[in-house]
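Asks: Take this structure first; my questions come after.
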Amino acid sequence: MRHLISITDLSVQDIDELLRVGEDIINHPVKYAHAAEGKKLATLFFEPSTRTRLSFEAAMYELGGHVIGFSSANSSSAAKGESVSDTISMAGCYVDIVAMRHPLEGAPLAGIRRAAVPVINAGDGGHQHPTQTLTDLLTLKCEKGRLDHLTIGLCGDLKFGRTVHSLIEAMSRYEGVEFVLISPKELRVPAHILKELDKKHIPYREVESLEDEIGQLDALYMTRIQRERFFDENEYLRLKDSYVLDCAKMALAKEDMIVMHPLPRVNEISTDVDDDPRACYFKQAWYGKIIRMALILKLLSAQKEEYVPGVQDERIEGTYQCHNPRCITQVEQGIKHVFLKSADGEIRCMYCEHGLEK
Ligand code: CP
């Protein structure tokens with residue numbers, strides 16, 4: 001593995017290894033205090049962040065390394081029209097590894113074209129957020145003791161919530177996992193993800209009531225309704241309070257269910273729940289720093305070889321154009337339009353994974 005663009009870039013063995021190193025860091029932090037000495041990380045954040053950027057930076061410092069970067073597109077030459085690919089290419093002159101966040105889907109994949117150093121996708125639009133998924137996996141492993149045979153409820157904005165998409169992809173590789181997808185019908189999980197679940201015969205059900213389902217769950221993954229991804233503000237206002245987890249609903253849950261949330265929360269978890277021992281979301285953010293330490297170490301030691309994506313579908317170049325307005329190919333010039341054709345004939349944009357419009 002050279003870059004981490006999608007959670008599918010990681011095999012189950014890669015994930016198990018990262019989790020093992022993460023657990024070792026928790027148990028023996030001193031052992032890692034100089035592990036990245038002399039190395040530099042660039043955090044290139046074209047979109048706001050609290051946890052992801054700060055935890056990457058804290059992770060690098062705890063490994064004995066250094067950090068440079070920017071926290072908004074306006075404070076970089078992106079504001080003057082520099083492409084993502086050129087920005088990443090430049091960062092490679094100054095640092096050993098890059099973590100980047102961008103509002104456009106597929107931006108990290110487009111950006112690695114000329115990257116001289118490993119690049120980590122720290123969130124691209126509503127598409128993927130693989131390091132949040134690694135955070136979620138370490139949280140589940142440490143708090144539930146396993147990643148298999150779990151019933152996981154995902155609740156809220158399952159359409160635009162990129163952490164949901166990456167988590168479903170990752171957890172569907174473990175035996176005995178079942179998903180309960182709780183959302184308003186307007187914010188259901190995208191069809192291409194459900195199709196994958198169907199193909200792998202992973203059990204899931206799409207429901208609207210949290211109260212009816214909470215008692216069955218081993219873990220409840222709450223999400224924020226993603227205002228910034230809506231095209232219609234009125235639609236956001238109508239849906240924003242669809243779910244609020246409060247103490248009354250927690251009373252219906254199992255005693256050992258854990259509540260997770262990638263954060264930030266708006267009002268989908270009442271602050272009263274924070275004192276419930278099953279509330280795990282602040283500790284989850286701490287696990288985020290640990291797993292990013294493990295990931296930085298893994299990528300710093302990776303060989304310089306061509307990036308090979310985890311999914312190996314047939315490539316179609318120059319025939320189609322992506323119509324997703326949030327795809328990087330719609331906004332930046334000079335990106336080769338590439339589509340992928342899966343074994344069952346489905347064609348989707350290589351960058352944002354939106355299906356081809358007929
Ligand atoms: N979970 C997460 O990505 O949080 P930030 O947006 O604050 O980085």
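The values are calculated or read from the model by the stated rules, or taken from the named source; none is laboratory data. Here the structure is a predicted model, which is why all the values come from computation and not from measurement. Neighbour counts run over all protein chains shown; Cβ positions are idealised from the backbone, glycine included. The accessibility values were calculated without ligands, DNA or RNA, using every heavy atom of the protein model including side chains. Shrake-Rupley method; radii C 1.70, N 1.55, O 1.52, S 1.80 Å.
Asks: In what sequence, largest accessible area first, do K240, K283, K289, K31 appear using a 1.4 Å probe? Walk me through the numbers before you get to the answer.
Replies: Details: K240 70, K283 95, K289 35, K31 130 Å².
Descending accessible area places them as K31, K283, K240, K289.
Asks: Suppose R0 equals 22 Å; then what is the FRET efficiency for E82 and Y307 from their Cβ-Cβ distance, rounded to the nearest 0.05?
Replies: Numbers: r = 22 Å, r/R0 = 0.98.
Step by step, r from the Cβ atoms, then E = 0.55.
Asks: Here is a follow-up. Counting alpha carbon pairs within less than 8 Å and at least 6 residues apart, what relative contact order, in whole percent, applies to the chain? It would help to have the intermediate numbers written out before the result.
Replies: Numbers: 687 pairs, mean separation 67.7, N = 358.
Rounded, it is 19 percent for the chain.
Asks: Structure shown: which of K249/K289; K249/K283; K40/K336; K144/K185; K144/K240 lie over 27 Å apart, alpha-carbon to alpha-carbon?
Replies: Values: K249/K289 30 Å; K249/K283 21 Å; K40/K336 31 Å; K144/K185 30 Å; K144/K240 30 Å.
Pairs exceeding the cut-off: K249/K289; K40/K336; K144/K185; K144/K240.
Asks: Taking 0.36 nm per residue of sequence separation and subtracting the Cα-Cα distance, how much length would be gained by fully extending the chain between N267 and E314, in nm to one decimal?
Replies: Details: separation 47, 0.36 × 47 = 16.92 nm, distance 4.32 nm.
Full-extension gain reported as 12.6 nm.
Asks: Go ahead and estimate [θ] at 222 nm for the chain from helices alone: -39,500 (n - 2.57) per DSSP H run with n ≥ 4, summed, over the residue count, rounded to 500. Provide the component values of the computation, followed by the final result.
Replies: Numbers: 12 runs with 117 residues, N = 358.
Counting only the DSSP helices, I get -9500 deg cm²/dmol.
Asks: By residue number, which cysteines of the chain lack any other Cys whose Cβ falls under 4.7 Å from their Cβ?
Replies: C93, C142, C155, C247, C280
Asks: Moving to a separate point now. At 1.4 Å probe size, with every protein chain present, just tell me what the per residue accessible area of the chain comes to in Å².
Replies: On the way: 15660 Å² over 358 residues.
Each residue of the chain exposes 44 Å² on average to a 1.4 Å probe.
Asks: Related question: What distance in nm separates the simple spin-label points at D275 and E143, each placed 7 Å from Cα in the Cβ direction?
Replies: The modelled label-to-label distance comes out at 1.9 nm.
Asks: Given a Förster distance of 30 Å, report the FRET efficiency between L356 and R114 from their Cβ-Cβ distance, rounded to the nearest 0.05. The partial results should precede the final answer.
Replies: Details: r = 27 Å, r/R0 = 0.92.
Between L356 and R114 the formula returns 0.65.
Asks: Ordering R101, R265 by how much accessible area each has at a 1.4 Å probe, largest first, what is the list? Write down the numbers at each step before the final one.
Replies: Working: R101 15, R265 60 Å².
Ranked list, largest accessible area first: R265, R101.
Asks: Pop a pseudo-label 7 angstrom from the Cα along the beta-carbon direction at both A251 and R238 and give the gap in nm to one decimal.
Replies: With each label placed 7 Å out from Cα toward Cβ, I get 3.3 nm.
Asks: OK, next. In the chain, what % of DSSP beta bridges are antiparallel (nearest 5)?
Replies: Roughly 20 percent of the beta bridges in the chain run antiparallel, per DSSP.
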